[in-house]
Structures are given as C-alpha cells and as structure tokens.
Amino acid sequence: MRDLAQGVARFQEDVFPAKEGLFAHLAAHHAPHTLFIGCSDARVVPELITQGEPGELFVVRTAGNLVPAYTPGANGVTASIEYAVAVLGVTDIVVCGHSACGAMTALAEGHDLSGAPVVADWLRHADAALARTAGTEAGPEKVGALVRQNVYAQLTNLTTHPSVARALAEEKVTLHGWVFDIATGRVETLDVPGTAAALAS
C-alpha cells in the first residue's frame, strides 16, 4: 500500500497540475471514443499501451478478456458494454488479448482448476476458441493460437449484445481485434471481416 500511496502523492503533486485543465473539462464531460475490452492481467494496461489521455477509453477488464454472450438479466460486463455503446456512443470497440495469458495458458495446457471452480466456469466463455484450436499441438504455439482465436470468439460474443448488434446494423460502431505482446510491446491487429481498418498495427 505504501507504493500506491506514494503514487497518489506523485499524481497529485506532479501529474494533476500539468493536466488540471483536462480534468476540469472531464469533471463535467464523459465522451470516450472507444470501448476497450482487455484482460485483467496486471501487465496489460490499456491506457499505457495506447498512450491515450484520461477520458478517451471506456475500459472493461475481465480474466482472459472474455465477453459472455448476451443473456437477459443483470450482468456487470453486459451493463458496461450497453452503457458504452447505447449511452456514451463509442464509435469503436477493441477486444485485446495478450501473450502469456494465464487464462488461455490454463486452457491450452489443461490445467487442473478444481481449486478455482468459479474461474473454471468463467473460462467456459472461451469454449469456441478452444474448439478451434483442438488440433494444435500443445506448447507455446497452441497458447498463441488460442489467444488469437479467443479474440475472434469474444468479438462474436459481442455481436449477440443488442446494443452492439444495433450499432453495427446502423454502422455506428466498428469492431477491432488486437493481440498485445508483453515482451516486445508489439500490438498485432487481427483481420476482423466486415469492419473498417483497425486502429493500430
């Protein structure tokens, strides 16, 4: 906690004064242009990767950057997606996977998750991606393939959400798939059929 407190102090003393005008504007305006769905992994920081300013990204982070297909009822991920698209009017949605993803590694290598039953149940949202990589030999190549297929699977799940489906039909939003490599900082842009050019390469 001491490191966090020191970080807050540095923010208040050095960072905030330099951006005081921006924060004054943001205090009354919330208009992010992009919904960024990434992994909860502490090594993957959307604002750092994109070098965006505060207020530009509406961020949802889940284990394995998983997006459950739409079902009626209260759900934190679904509510965040709906709010970003239907209320805030984001024009782009990025689903970002990453190298060395613990969730994808567990699936690719068949880890025993009996001690983490909620995690095991959550990872069922990657079943389609796992099925697409069933013939791939175990190892780093399988993890990499699963990370990419998982981004595609979650983009597909996104389209089941009514707010997203409506925005896509009205050509108000564009979907993007990214894979971030932790070791090199490279962002790979996946080909997402039926969408405009991705935000970055």
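Taking only pairs six or more apart or across chains, which ones have beta-carbon atoms under 8 Å, a first residue in region 107-126 that is aliphatic (A, V, I, L, M), and a second residue that is open to solvent by 80 Å² or more (accessible area, probe 1.4 Å)?
ALA120/SER114
With the requirement that a residue be surrounded by fewer than 18 Cβ atoms within 10 Å (Cβ to Cβ) and either closer than 13 Å to CYS39 by Cβ or charged (D, E, K, R) (or both), what does region 120-154 give you?
ASP121, TRP122, ARG124, ASP127, ARG132, GLU137, GLU141, listed by residue number.
Give all pairs with beta carbons closer than 6 Å in which a residue from region 178-195 that is in a strand (DSSP E or B) and open to solvent by less than 40 Å² (accessible area, probe 1.4 Å) meets a residue that is at pLDDT 95 or above and of a type in the set (Phe, Trp, Tyr); count only pairs at least 6 apart in sequence or on separate chains.
Here the result reads VAL187/TRP178; VAL187/PHE180, each pair linking region 178-195 to a residue that is at pLDDT 95 or above and of a type in the set (Phe, Trp, Tyr).
For the list (1) within 21 Å of ASP191 (Cβ to Cβ); (2) in contact with a His (Cβ under 7 Å, 6 or more places away or on another chain); (3) open to solvent by 10 Å² or more (accessible area, probe 1.4 Å), I need the number of the one condition that VAL94 fails.
(3)
Out of all the residues in region 136-159, is one or more over 18 Å from the mean Cα position of the chain (by Cα), outside any helix (DSSP H, G or I) and not small (Gly, Ala, Ser)?
Checking region 136-159: at least one residue is over 18 Å from the mean Cα position of the chain (by Cα), outside any helix (DSSP H, G or I) and not small (Gly, Ala, Ser).
Please go through region 5-43 and give me each residue that is of a type in the set (Val, Ile, Thr) and open to solvent by 70 Å² or more (accessible area, probe 1.4 Å), ordered by number.
VAL8
If you check ALA27 against the conditions, is it at pLDDT 95 or above, out of contact with any His (no Cβ under 6 Å at 6 or more places or on another chain), more than 30 Å from LEU146 (Cβ to Cβ) and not polar (S, T, N, Q)?
So ALA27 passes the test.
Closer than 16 Å to TRP178 by Cα and in a helix (DSSP H, G or I): is that true of LEU48 in this structure?
So LEU48 passes the test.
GLU53 passes all but one of (1) touching a residue at least 12 places away in the same chain (Cβ under 8 Å); (2) in contact with a Ser or Thr (Cβ under 9 Å, 6 or more places away or on another chain); (3) open to solvent by 30 Å² or more (accessible area, probe 1.4 Å); (4) assigned to a loop (DSSP other than H, G, I, E, B); which number fails?
Failing condition for GLU53: (2).
Just checking, does region 163-176 include any residue being assigned to a strand (DSSP E or B), touching a helix residue (DSSP H, G or I) at 6+ places or on another chain (Cβ under 6 Å), in contact (Cβ under 8 Å) with a residue 24 or more places away in the chain and surrounded by 19 or more Cβ atoms within 10 Å (Cβ to Cβ)? Break it down into steps so the answer makes sense when it comes.
Residues of region 163-176 assigned to a strand (DSSP E or B): 174-176.
Subset that is touching a helix residue (DSSP H, G or I) at 6+ places or on another chain (Cβ under 6 Å): 175.
Now narrow it down to the ones that are in contact (Cβ under 8 Å) with a residue 24 or more places away in the chain: 175.
Keeping just the survivors that are surrounded by 19 or more Cβ atoms within 10 Å (Cβ to Cβ) gives 175.
Yes, region 163-176 contains a residue that is assigned to a strand (DSSP E or B), touching a helix residue (DSSP H, G or I) at 6+ places or on another chain (Cβ under 6 Å), in contact (Cβ under 8 Å) with a residue 24 or more places away in the chain and surrounded by 19 or more Cβ atoms within 10 Å (Cβ to Cβ).
Within region 56-90, which residues are assigned to a loop (DSSP other than H, G, I, E, B), aliphatic (A, V, I, L, M), open to solvent by 40 Å² or more (accessible area, probe 1.4 Å) and touching a residue at least 24 places away in the same chain (Cβ under 8 Å)?
Across region 56-90, the qualifying residue is only ALA69.
The values are calculated or read from the model by the stated rules, or taken from the named source; none is laboratory data. On a predicted model such as this, the values are computed, not experimentally measured, just so you know. We place every Cβ from the backbone using ideal geometry, glycine too, and count neighbours over all the protein chains shown. Surface areas here come from the heavy atoms of the whole protein model, side chains and all, with no ligands, DNA or RNA. Shrake-Rupley method; radii C 1.70, N 1.55, O 1.52, S 1.80 Å.
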